[in-house]
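Heads up: the structure comes next, in structure tokens.
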Amino acid sequence: MAKINKASRENIWQVRIDVDDPDCNWNINPTSTFYKIIKANNENSAVRGAANYCNRQMRAFPGTFFKYSTKDVRPYYCSVYVPIINDE
């Protein structure tokens, strides 16, 4: 069974990012979606962090549009998994 790391549960959030990349400069797919992991104290700080990330990426990759979701923001739970190895 996996444990939840309580220290990271309170400070790490994930925000959904949609990427529209018609020239395939950033990714091999013209459209993609992923969750950006952001260290923040609350949901509003995570959204601001996602906005900063999107702006930086759009400056680095002209013609590529990064959009963050204000509705799909949730805490990130870092699970610790330790496999049990049975040496019989």
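The values are calculated or read from the model by the stated rules, or taken from the named source; none is laboratory data. It should be emphasised that the depicted structure is a prediction, and the values quoted were computed from it without experimental measurement. Note that we place each Cβ from the backbone using ideal geometry, even for glycine, and neighbour counts take in every protein chain shown. Ligands, DNA and RNA are stripped out before the accessible areas are found, and what is left, the full protein with its side chains, is counted by its heavy atoms. Shrake-Rupley method; radii C 1.70, N 1.55, O 1.52, S 1.80 Å.
Structure data summary
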{"read-out": "Check on residue 69, open to solvent by less than 70 Å² (accessible area, probe 1.4 Å), assigned to a helix (DSSP H, G or I) and modelled with pLDDT under 95", "value": "no"}
{"read-out": "Among (1) of a type in the set (Gly, Ala, Ser); (2) part of a loop (DSSP other than H, G, I, E, B); (3) open to solvent by less than 30 Å² (accessible area, probe 1.4 Å), the one test that residue 50 misses", "value": "(2)"}
{"read-out": "Flag if residue 31 is touching an Asp or Glu at 6+ places or on another chain (Cβ under 7 Å), polar (S, T, N, Q), modelled with pLDDT of 90 or more and open to solvent by less than 70 Å² (accessible area, probe 1.4 Å)", "value": "no"}
{"read-out": "Residues of the stretch 53-66 that turn out to be surrounded by fewer than 14 Cβ atoms within 10 Å (Cβ to Cβ), of a type outside the set (D, E, K, R) and without any contact (Cβ under 8 Å) to a residue 40 or more places away in the chain, as a count", "value": "3"}
{"read-out": "Residue that is modelled with the highest pLDDT, among those in the stretch 1-24 that are in a loop (DSSP other than H, G, I, E, B) and surrounded by 12 or more Cβ atoms within 10 Å (Cβ to Cβ)", "value": "21"}
